[in-house]
Structures are given as C-alpha cells and as structure tokens.
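Each remark here refers to the structure printed beneath this line.
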Amino acid sequence: MAKTCLIAGVGLIGGSFGLALRQSGWGRVLGADSSQEALAEALRVGAIDAAVRLEETADVECAIVATPVLEVIPTCQKLFSILPPQAIVLDTASTKGAIVQKAQELFPGRFIGGHPMAGSERGGITAADPYLFQNAPFILTPGSDVSSQTIAYVQQLVSKTGAVPISLSAQRHDQIVGMVSHLPHLCAVALLNTIAGFEDKDLALTLAAGGFCDLTRVASGSPKLWREILGSNRWVAASLVGRLQKSLQALKELLEQGELSGLEALLADAQKTRSLLPLRRKGLLGSSFQLVLSLPDEPGSLAAVTGLLAEKEINIQDLEILRIREGEGGTVRVSFRDQNAQEAARGILAAAGFQPLRQE
C-alpha cells in the first residue's frame, strides 16, 4: 500500500511541500484547506493528489500542519480524534515553544515541531515551488518523548523535499530565529517608519541605494502574517529589541561625543562579525564557492552568463544581484556547489570576456 500523508494548509509552504514530495515519488499526498480555491489550484499545479476534508483523513500515516501560526493548534485539535493512533504529526510554523508544548499534549510521542528556513515575499499556493526547500535547513524540535524511529521517519520525509533536517530544542529555536529573522524584520520596520517621518522623505526614497533596499526588503512581507509570527514569539523579540537598543545607544553616545576612535572600533567589530557570515542565501547551509562579476547594461547580459554555464552543464546553486544602476550595468554573485564547478565556471566566463572574481 502506498504511503499517504495529509497536508493541512496548501499555501506557499504546504503547497511547496506537496510539490516536492510528489516530485520525489514519496507517495500519495492529500490536501485540506479552508479555501476551496486554494485546493483547486493545488490540484491544478500538482501539489496534491486529492483534495479532502479533515474528517476524511483517517488512513494517513502522517499529517503536515502548514497553516498560519495561530491556526496550528486549532487544526491539531481537529485532527486529534480523526488520525489513526500511530500517525505522526509535523507542523511548519516559524515559532515553536507554545505550539510544541500544546501539540505534544494532544499527540504524545508522535508530534514533532518543524520550521523550514525558506520562504518568499509572495504567499499562497500560486507562489508554491517544488525547489523552495532545496539545501535549506529544516529545523525539527522533537520532544523527549519522541522515539528515535519517529525522528528518523520525519527526517527522511523532510529530506525528500531537498531540505536538510537539523534538530534543536523548541526554546533554542525560538531564540535563534528571533535573532536572525524576527529582529531583522523589526529593524526594517523601524527604519522604514523612521524615513516615513523624514522631512525629505520623497527625495530620500528616490535616492535610496542597494544597501537601503537590502536592509528593508523583508518588510515587504504580509503585515498580518508577521503580526502572528511576532506575537507568538513576543517576549523573545522584545528582549532582542532591548539588546539592539543598547547597541544603538552606544553608537549614539560615541557620535554625540565625537569619539571617532571608539566608533571605528565598533565598526571594525561589526565588520569582523559580518565576515563570519556564510556567503549563501538559504540560512545555515549551502555553497560558499562563489564568483562575483560585473555585467554591462545590455539586454541579455545575465542570460549570456547563465547560458554559457548551462551549455557546459555547470549547475548554478544560487544567483544574487548585488547592485544595479541604470546605464552602468550591475554586479551579480553566482554560487556553486563545489570548488571544481567554481573553477570551471570561472574559466568559461573569462574566456567569454567576463571578469569573474573568486569569493570564498
């Protein structure tokens, strides 16, 4: 009998999970959602094999709860009397503490909290992508009552999507994600709200360069979704904002006092910490074999680069536009899985007249 799982919530995350599972040949994927339109689209794009109601899911061996944060526990409560006693339950919410505590009471020994460290500014099933989780960390937060066999099953399930499972405690997860995801979002909000009250706001926004856009990009996310995320981790987020306030206060005092040597020391500390960041885009994992190259402001210049590499069957693991100015072209960073691919790509691009620079 084919393996069968239920995905409750077929939006960006649930839809991408379904697409990846079906593409891997894992088994049968059922979808449930409060939106009939979302279910119809999930069927159309192939994210699920069939659309069902929650009360029709008795024969599944696992359930993936991919709803918004505030709907995870109500959905688990609906599944409690429906799922077979051996069915494993995994959620995908971006905060874990309260969810794991309550869900483990409902499904002792068979609930594992999960958080795929991948996403998009776009939401919903129309943004679903079978490659969304490729090489991305998928945090798992199993409780002490979960067996090694159950953990191994979920790890294998997650691996089928292309993600890399990493186990953490729920509390440690919330602290780390608060620092690297929730605090940056709040920083972007504060920066944009500051410029909104600036006397020369319109001109400042017109002149805003790549750095400002990079710092504030995350604020394009759904306010409603982020209200739920931040609300579910509010004490951690508040504590981290307090730490940030101390850092900003130190900078403010140095500027006011004209202590430029002290300011330079803090700038150097920040530069050093920044250099420790892995040069990759999918969180904790991925490639660090990269090339940086400038492109002319001509139609098809980026396509020429990717076409040359595709012709030689060199896979690009990631591509990032670092800077672009009208009339001057732009700068891109191209990532590869290993040093051999990096070196081969460098030779091909150099022979074609580009000037790629290695970035380790």
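For the reader, a short list of remarks on this structure follows.
- For Asp318, the residues 5 or more places off, or on other chains, whose built amide H falls under 5 Å of its own are Ser335.
- Rg and Dmax over the alpha-carbon atoms of segment 199-278 stand at 16.5, 43 Å.
- Per residue, the average separation of C-alpha pairs within less than 8 Å and at least 6 apart gives the chain a relative contact order of 12 percent.
- Interchain or long-range residues, amide H under 5 Å from Gly143's placed H: Gly113
- Electrostatic bookkeeping for Thr141 treats Lys and Arg as +1 and Asp and Glu as -1; over the other residues with beta carbon under 12 Å from its beta carbon, the sum is 0.
- Computing Rg and Dmax of the Cα atoms in Å for the structure here picks out one of (1) 21.0, 64; (2) 23.0, 73; (3) 19.9, 63, namely (2).
- Segment 147-263, relative contact order in percent, only Cα pairs under 8 angstrom and at least six apart counted: 28 percent
- The calculated 222 nm mean residue ellipticity attributable to helices in the chain amounts to -14000 deg cm²/dmol, summing -39500 (n - 2.57) over DSSP H runs of n ≥ 4 and dividing by all residues.
- To the nearest ten degrees, helix 183-196 and the longest principal axis of the Cα atoms of the chain are 50 degrees apart.
- Label-point gap, in nm, between Lys78 and Leu251 - each point 7 angstrom along Cα→Cβ: 4.5 nm
- 3J(HN,Hα) along segment 96-108: 10, x, 5, 5, 4, 4, 6, 5, 5, 5, 6, 10, x Hz, from the Karplus curve 6.51 cos²θ - 1.76 cosθ + 1.60 with θ = phi - 60°, whole Hz, x for Gly and Pro.
- Gly27 sits among other residues whose Cβ lies under 14 Å from its own Cβ, and their net charge, with Lys and Arg +1 and Asp and Glu -1, is +1.
- The chain: angle of helix 148-159 to the longest principal axis, Cα-based, in degrees nearest 10: 50 degrees
- Each peptide in 153-165, 174-186, 196-208 gets a packing score, the mean of other Cβ atoms within 10 Å over its residues, and the list from highest to lowest is 153-165, 174-186, 196-208.
- Averaged per residue, the chain has 55 square angstrom of accessible surface, using a 1.4 angstrom probe with ligands and nucleic acids left out.
- Spin-label zone in segment 132-158 - amide nitrogen under 19 Å from a point set 7 Å from the Cα of Ser167 along the C-beta vector: 137-158
- Amide H contacts of Ile88: Cys62, Ala63, each under 5 Å away and 5 or more positions distant or on a separate chain (H built 1.01 Å from N in the peptide plane; Pro and chain starts excluded).
- Computed lengthening from Ala238 to Ala351, 0.36 nm per intervening residue step minus Cα-Cα distance: 35.4 nm
- Accessible surface of the chain, 1.4 Å probe, proportion on carbon and sulfur as whole %: 54 percent
- Sequence-distant lysines (8 or more away, or on other chains) whose Cα lies within less than 22 Å of Lys102: Lys78
- Cα-based reach from Lys224 at 15 Å (exclusive), listing aspartates and glutamates while leaving out same-chain residues under 8 positions away: Glu71, Glu121
- Angle in degrees between helix 223-232 and the longest Cα principal axis of the chain, rounded to the nearest 10: 70 degrees
The values are calculated or read from the model by the stated rules, or taken from the named source; none is laboratory data. Predicted, not measured: the structure shown is a model, and the values here were computed from it. Please note: Cβ atoms are built from the backbone with ideal geometry, for glycine as well, and neighbour counts cover all protein chains shown. Note: accessible area is taken over every heavy atom of the protein model, side chains too, but ligands, DNA and RNA are not part of it. Shrake-Rupley method; radii C 1.70, N 1.55, O 1.52, S 1.80 Å.
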